[in-house]
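Structure first, commentary second.
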């Protein structure tokens with residue numbers, strides 16, 4: 001079985017994906033890392049050079065490549081992966097999708113500290129991050145809600161994202 005972790009940037013997909021893969025004894029793949037290795041370039045640079053549309057086309061191609069090359073894995077996707085090129089439907093057909101649904105306030109707090117690594121928010125002022133996250137989550141929720149399973153994280157049950 002293949003597992004796809006989806007959710008907004010900063011929701012803990014990579015951390016949880018590693019833990020899940022270890023528990024299941026299967027391969028862990030971070031899609032952003034996979035793309036960086038295959039393209040020999042950073043996500044930040046790819047976004048800058050190709051624009052979001054160009055990057056999303058690459059991302060979709062590598063998502064499909066991972067599914068063709070590997071069997072039995074946990075894949076942590078980029079936050080926007082489910083929202084483009086029919087990727088959400090594709091992932092649902094290829095395995096089990098899990099949406100890490102994290103409070104917007106928690107996401108914003110996490111993202112402010114590492115926004116320099118995030119092409120979509122790196123130029124925002126700290127106080128602009130939370131409103132951006134709220135708007136963006138609203139746009140992406142129709143895609144995220146197609147996941148087969150949802151894990152809701154709020155302040156009451158959240159683990160530190162380290």
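Computed quantities for the displayed model
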| item | result |
| --- | --- |
| Residue match in region 53-63 (condition: within 24 Å of residue 135 (Cα to Cα), in contact with a strand residue (DSSP E or B) (Cβ under 7 Å, 6 or more places away or on another chain) and in contact (Cβ under 8 Å) with a residue 24 or more places away in the chain) | no |
| Selection status of residue 75, out of contact with any strand residue (DSSP E or B) (no Cβ under 7 Å at 6 or more places or on another chain) and either within 24 Å of residue 36 (Cα to Cα) or outside any helix (DSSP H, G or I) (or both) | no |
| Of residues in region 73-90 being more than 13 Å from the chain's Cα centre (by Cα) and surrounded by 15 or more Cβ atoms within 10 Å (Cβ to Cβ), the one nearest to residue 31 (Cα to Cα) | 73 |
| Residue selected from region 19-43 under the condition outside any helix (DSSP H, G or I) and surrounded by 14 or more Cβ atoms within 10 Å (Cβ to Cβ), by the criterion modelled with the lowest pLDDT | 42 |
| Filter pass, residue 124 being part of a loop (DSSP other than H, G, I, E, B), free of Cβ contacts under 8 Å to residues at least 24 places away in the same chain, over 22 Å from residue 39 (Cβ atoms) and in contact with a helix residue (DSSP H, G or I) (Cβ under 7 Å, 6 or more places away or on another chain) | yes |
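The rows are residues; the columns are (1) assigned to a helix (DSSP H, G or I); (2) modelled with pLDDT of 95 or more; (3) under 19 Å from residue 142 (Cα atoms); (4) under 15 Å from the mean Cα position of the chain (by Cα).
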| residue | (1), (2), (3), (4) |
| --- | --- |
| 45 | yes, no, no, no |
| 59 | yes, yes, no, yes |
| 65 | yes, yes, no, no |
| 71 | no, no, no, no |
| 93 | yes, yes, yes, no |
| 100 | no, yes, yes, yes |
| 113 | yes, no, no, no |
| 116 | yes, no, no, no |
| 119 | no, no, no, yes |
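The values are calculated or read from the model by the stated rules, or taken from the named source; none is laboratory data. Note that this is a predicted model, so its numbers are computed, not measured. Ideal geometry is used to build each Cβ from the backbone, glycine not excepted, and the neighbour counts take in all protein chains shown.
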